[in-house]
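J.: I have a structure here, written as structure tokens, and I will follow up with some questions on it.
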Amino acid sequence: MKTGGRRKSSNVEDRRGKSGGGGGAIALGGGGLGIVGIILFLILGGNPTDLLDSSSAVPDQPYVETEQDKELADFVSVVLADTEDIWSELFAQQGIQYENPTLVLYSGQVDTACGYGSAAAGPFYCPGDQKLYIDLAFYNELQSSFKAPGDFAMAYVVAHEVGHHVQTLLGISDQVMPLRQKMSEEEFNKYLVRFELQADYFAGVWAHHAKGRGYLEQGDLQEAITAAGAVGDDTIQKRARGYVVPESFTHGTAKQRIYWFEHGFELGTIDGGDTFNQTEK
């Protein structure tokens with residue numbers, strides 16, 4: 001992705017090397033879900049509150065920014081600026097105003113309005129403070145653990161979390177998350193999958209317009225598609241234990257995630273992303 005000389009967002013909060021300190025367990029709703037970490041933790045039989053509870057906080061560790069860290073921080077800041085510009089235009093076309101989220105860079109652990117978060121959960125969005133939280137070490141996880149290399153794989157991750165912010169602003173989160181209290185976990189997971197697939201669609205919408213502005217390079221689209229497939233529930237479950245349990249899916253299969261990202265990339269519109277009433281072809 002071309003980033004040289006382009007605007008960086010001013011809505012970046014750098015908390016790397018700072019204590020995350022207590023705030024209770026992070027709320028698993030409204031997009032307050034790590035893109036892969038919580039899925040994997042649940043697959044392995046863990047309790048998410050063990051992963052995210054503030055009681056598990058570790059003492060501060062000295063943080064020294066590496067050259068790669070600096071480059072990644074600059075990169076995600078440019079991506080965030082792109083999302084600001086593109087979503088502001090798309091919202092304006094709908095006659096509504098887009099409110100920019102804040103991107104929080106942290107290392108290891110972080111305190112949020114949704115509670116205490118850990119890098120083990122992967123990047124996540126908190127609707128309570130309308131902030132995206134990313135430990136840049138996840139970039140290495142994408143390359144090594146998920147075999148999804150390339151800067152546009154990371155751009156997809158940022159765009160997906162921004163997609164949750166879009167859902168919050170459009171009121172979709174407020175419609176979906178209360179259903180958690182009205183149905184079984186297995187039933188709600190079906191809605192959660194559609195919710196996450198919509199964030200993938202919105203990531204594709206962003207990529208559509210980023211390409212239109214000439215920001216994409218050869219291979220970028222494939223990097224995002226590879227990343228979307230790598231974080232599918234079935235892909236992660238197969239890698240973790242050799243088989244899948246569809247009723248436990250929370251983000252969608254690799255095929256679904258790729259489909260909706262590509263669909264957003266093809267259409268480039270808000271209206272085409274009704275994942276709740278449309279099925280994959």
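J.: For an R0 of 45 angstrom, estimate the FRET efficiency from the Cβ-Cβ distance between T269 and V245 and round to the nearest 0.05.
T.: Values: r = 34 Å, r/R0 = 0.76.
Once rounded, the FRET efficiency stands at 0.85.
J.: Among 172-183, 257-268, 154-165, what's the highest-first ranking by average C-beta atoms within 10 angstrom per residue? Walk me through the numbers on the way to the answer.
T.: On the way: 172-183: 14.7, 257-268: 21.6, 154-165: 27.8.
Averaged packing, sorted descending, gives the order 154-165, 257-268, 172-183.
J.: Starting from the Cα of E13, step 7 Å along the direction of its Cβ; do the same at A113; then give the gap between the two resulting points in nm.
T.: Taking the two extended label points, one gets 0.9 nm.
J.: Can you pick out the pairs among K131/K238; K70/K147; K2/K238; K18/K211 whose Cα atoms lie more than 29 Å from each other?
T.: Those over the limit are K131/K238; K2/K238; K18/K211.
J.: Can you give me the distance in nm between label points at Q278 and E99, each placed 7 Å from the Cα along the Cα-to-Cβ direction?
T.: 2.7
J.: For the pair E217 and V64, what calculated FRET efficiency results from E = 1/(1 + (r/R0)^6), where r is the Cβ-Cβ distance and R0 = 30 Å, to the nearest 0.05?
T.: 0.50
J.: Further question on the same structure: Quickly rank 216-226, 123-133, 85-95 as a protection proxy: mean count of other C-beta atoms within 10 Å, highest first. The partial results should precede the final answer.
T.: Working: 216-226: 17.9, 123-133: 23.0, 85-95: 15.0.
Going by the mean number of other Cβ atoms within 10 Å, highest first, we get 123-133, 216-226, 85-95.
Quick note: the coordinates plus some simple rules give every number you see, no bench work behind them. Bear in mind the structure is a predicted one, so any value in this text is a computation, not a measurement. With ideal geometry, Cβ positions are generated from the backbone for all residues, glycine too; neighbour counts draw on all protein chains shown.
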